[in-house]
Amino acid sequence: MTVSRTLILGGSRGLGKALKALIPDALAVSRTSTESIDLSKETASNSVLTLVSEYEPSRILYVAGGGPHGPYFQKGIKSHKWAYAVNYFTPIQILNDLIEKSYEGEFIYIGSAIAERSTSDKSLSYSASKTAAKSVILSYDSKLLKTKVFSPAYMDTDLLPKGSWPRMECSELVIEPSKVAEVLLNWLNDQNGNNDSRHFDWIDRFDYNLPNHKDL
């Protein structure tokens, strides 16, 4: 296994694009990349395993994620199924398959420090699937597979509307993807013996206080 090789799952925009800029030789895949994989499909894990076999990465970053925003029952069930597929079922299936294949590298899942705390009815499928994935991934025996979860705050991308309350009321929690990528890689590459934790929570780590907001 080549130490320097990184596979980014979900690398077309936001954090995935920022990570690719910092790791030029990484292989970044998405629905629109040359190595095209739709991570919402049941066949996604098989495609990822094929790439792992061919590319032999020592680190896999699962960056893909998303979900509908708005009152739960005003959104179609198809949108909620997509959110659970991308945020939960696909990464968990990949983990199971990697263990069966005796993968020896790291698997890092990108969570969401805010979604993991949220009970808003406008982000239920996103928050629930992200929280469930974090719990399952951190429950994996690290002797079977080295797993970590990195949970950033909101990121400053076009997925966060200009007039949204975080931008208007809590701008310190809206972080440039390039900054998030830098912090993530520094955490993963910490060689000073201070990186025993398997979960990086941006809000706890930087001692932010979340506002008491109904949409949180």
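The values are calculated or read from the model by the stated rules, or taken from the named source; none is laboratory data. Nothing here was measured: the structure is a model prediction, and the numbers come from that model. We place every Cβ from the backbone using ideal geometry, glycine too, and count neighbours over all the protein chains shown.
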Report the residue count in region 2-14 for those that are modelled with pLDDT under 95 and on the phi < 0 side of the Ramachandran plot. 7
Please verify whether residue 114 is farther than 23 Å from residue 42 by Cα, touching a residue at least 12 places away in the same chain (Cβ under 8 Å) and of a type in the set (Val, Ile, Thr), treating the condition exactly as stated. yes
Looking only at helices (runs of 4 or more DSSP H) that fall completely inside region 56-164, which ones have 1 or more residues that are acidic (Asp, Glu)? 90-100
Among the residues of region 30-59, count how many are touching a residue at least 12 places away in the same chain (Cβ under 8 Å) and farther than 24 Å from residue 99 by Cα. 3
Taking the condition within 30 Å of residue 124 (Cα to Cα), of a type outside the set (Phe, Trp, Tyr) and either loosely packed, with under 14 Cβ neighbours inside 10 Å or free of Cβ contacts under 8 Å to residues at least 60 places away in the same chain (or both), does residue 26 pass? no
For a quick check of your reading of the model, give me the residue pairs whose first member lies in region 60-74 and is buried (at least 21 other Cβ atoms within 10 Å of the Cβ), whose second is among the hydroxyl-bearing types (Ser, Thr, Tyr), with beta-carbon atoms closer than 6 Å and at least 6 apart or on different chains. 62/109; 67/125; 67/126
Taking interchain pairs and intrachain pairs at least six residues apart, which have beta carbon atoms under 6 angstrom, with the first residue in region 158-187 and surrounded by 14 or more Cβ atoms within 10 Å (Cβ to Cβ) and the second assigned to a helix (DSSP H, G or I) and of a type in the set (D, E, K, R)? 174/167
Going through (1) buried (at least 16 other Cβ atoms within 10 Å of the Cβ); (2) at pLDDT 95 or above one by one, residue 81 fails only at (1)
Quick check, is residue 51 outside any loop (DSSP other than H, G, I, E, B), among the hydrophobic types (A, V, I, L, M, F, W, C) and under 15 Å from residue 185 (Cα atoms)? no
